[in-house]
Amino acid sequence: MNARRIDTLAVHAGALEAPVNAPVSPPLYQASAYVFEDLDEVEAIYSGEKPGKIYWRYGGPNGEAFARAVAELEGAQDGVGAASGMAAICTALFTNLRAGDHAVVTRDVYGGTHAVVTQDLPARGIEADFVDACDAAALAAAIRPGKTKVVYLEALTNPLLRIPALEEAVHMAHEAGAIVVIDATFASPALFRPLEHGADLVVHSVTKYLGGHGDVGAGVIVGARALIERARAYLVRTGSTIPHFEAWLAQRGLRTLALRMERHSRNAEAAAAFLAGAGGVARVHHPSLPGHPQHELARRLFPEGCGGMLSFELAGGRAAVEAFVRGLRLIAIVHSLGETATTISYSVASSHRGIPAAEREFLGVNESLLRLSCGIERGDDIIDDLRRGLEAAREKG
């Protein structure tokens, strides 16, 4: 080796050679750009005549593999990964609405989406109305034929686990010339596939159940190829495509999705039943309970379960909430969801913090409400910790 060339050799030595047989786990392509053999290949790849990669912002092999996997699980023609769940939501809205258009949005939408609807859509000259999406008549009254271009729903709302009048919404939206976008984060394709019920686009915060281990920040959109091509172009322009490593982690998470969602669902059902009969609890929100307003609809649309989420209201207000969370030993306060560990969050201080207090109260998101994300631990251990929290709240009272 010529010592005077060590700097050049260090840059180029050890070129990676792909094995002829496939690895058991997808390799990670952590590259920001790709090499072209000549200018003919540049033209062929940029024009789409030849498959190949260009630059990270245009999407990498891991992002494409993950989005394709979610599309297959959802029964979609195509999919594209985004840098976050909110990036996916914004893309679904901004690529299907323009100045002068109108959107109908479920009234108890996630707080981040609420901010986009109330702040970013008006700034673009787009009107939007919030509506009780569980009420088919209210949906019908809100949709403006020829002007409404998007009806935006959540498969299970955050945090009260309400289920929209989905089939009616799809029928009315399509008759009016609108598409239906469903945020199915709380359900995941293991439990519910909105496209099978006529929805046009599905968005997920991959950070939650799809990733499943609290180590991914990403989003994904799936649906008809033409809609996804438009979404992909927007994500590329805005630099919001899914990062390589997050896509790799998320695809790893998908492998256990069905197993995890089964345990999440059973634990949430058991926790909801326990809380519904426990002293000091004023109300429990979970579709498995007979008193839930969409209980029968849930049995039909979610026969495998409704996931790991539930919420409940303590009888003693905020003071009881504070004592309850201090009494917990297993369950941590985490303002996210869908992880393997059980966590709890306080919606008025987190996801719905930016929504005016009067509107929060109208939606049922009050200072007595806690949201529980049941993990995959032994169900009895989760219930034991809830019991500890309730005992602490009673002692405080």
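Couple of notes before you dig in:
- Rounded Å value of the spacing that divides the Cα centres of segment 77-129 and segment 353-397: 29
- Arranged from fewest to most other beta-carbon atoms within 10 Å of their beta carbon, Phe130, Phe324 become Phe130, Phe324.
- Rounded to 10°, Cα long-axis angle of helix 61-74 versus longest principal axis of the chain: 40
- Remark: the Cα gyration tensor places segment 8-49 in the oblate category, a/c being 1.5 or greater and a/b not exceeding b/c.
- Of the GluC sites (Glu not before Pro) found in segment 47-103, the ones in coil according to DSSP and having at most 12 other Cβ atoms within 10 Å of their Cβ are Glu49.
- Two-site FRET efficiency, Ala13 against Ala278, from Cβ-Cβ distance with R₀ of 56 Å, rounded to 0.05: 0.30
- Fraction of C-alpha pairs exceeding 17 angstrom in segment 257-396: 58 percent, rounded to a whole number.
- The chain: calculated mean residue ellipticity at 222 nm from DSSP helix runs of at least 4, using -39500 (n - 2.57): -11500 deg cm²/dmol
- Ordering Ala76, Ala272, Thr343 by the projection of their Cα atoms onto the charge dipole of the chain, which places +1 on the Cβ of Lys and Arg and -1 on the Cβ of Asp and Glu, puts Thr343 at the extreme positive end.
- Antiparallel DSSP beta bridges within the chain, percent to nearest 5: 55
- Compared with the dominant Cα axis of the chain, that is its longest principal axis, helix 379-396 is turned about 50°.
- Cβ-based exposure ranking for Tyr234, Tyr46, in which fewest neighbours within 10 Å come first: Tyr46, Tyr234
- Projected label distance in nm at Glu167 and Arg387, using a 7 Å step from Cα toward the beta-carbon: 4.2
- Cβ-derived FRET efficiency at R0 35 Å, Glu296 paired with Arg225, nearest 0.05: 0.50
- Radius, Kirkwood style, for segment 168-224 when every pair of distinct Cα atoms is counted (Å): 12.0
- Taking the charge dipole of segment 316-397 about its Cα centre, with +1 at Lys and Arg Cβ atoms and -1 at Asp and Glu Cβ atoms, the residue from Gly327, Leu372, Gly317 reaching farthest to the positive side is Gly317.
- Based on the reciprocal of the average 1/r between different C-alpha atoms, the Kirkwood radius for segment 205-321 equals 16.9 Å.
- GNM result for the chain, Cα springs below 10 Å: residue of Ile54, Ile331, Ile383 fluctuating most strongly: Ile54
- Structure-derived Rg and Dmax of the Cα atoms in Å: which label, when the choices are (1) 20.8, 69; (2) 20.5, 64; (3) 23.2, 81: (3)
- Residues Cys134, Cys306, ranked from the fewest to the most other C-beta atoms within 10 Å, line up as Cys134, Cys306.
- FRET efficiency for Gln77 and Glu322, using Cβ-Cβ distance with R0 set to 41 Å, rounded to 0.05: 0.25
- Degrees between helix 257-276 axis and first principal axis of the chain (Cα, 0 to 90, nearest 10): 20
- The chain: most fluctuating residue of Leu121, Leu16, Leu166 per GNM, C-alpha cutoff 10 Å: Leu16
- Global form of segment 339-397, assessed from the alpha-carbon gyration tensor, a/c cut-off 1.5: oblate
Taken together, the values in this text are just the output of simple stated rules run on the coordinates, not laboratory data. Note that this is a predicted model, so its numbers are computed, not measured. All Cβ positions, even for glycine, are placed from backbone atoms using ideal geometry, and neighbour counts span all protein chains on display.
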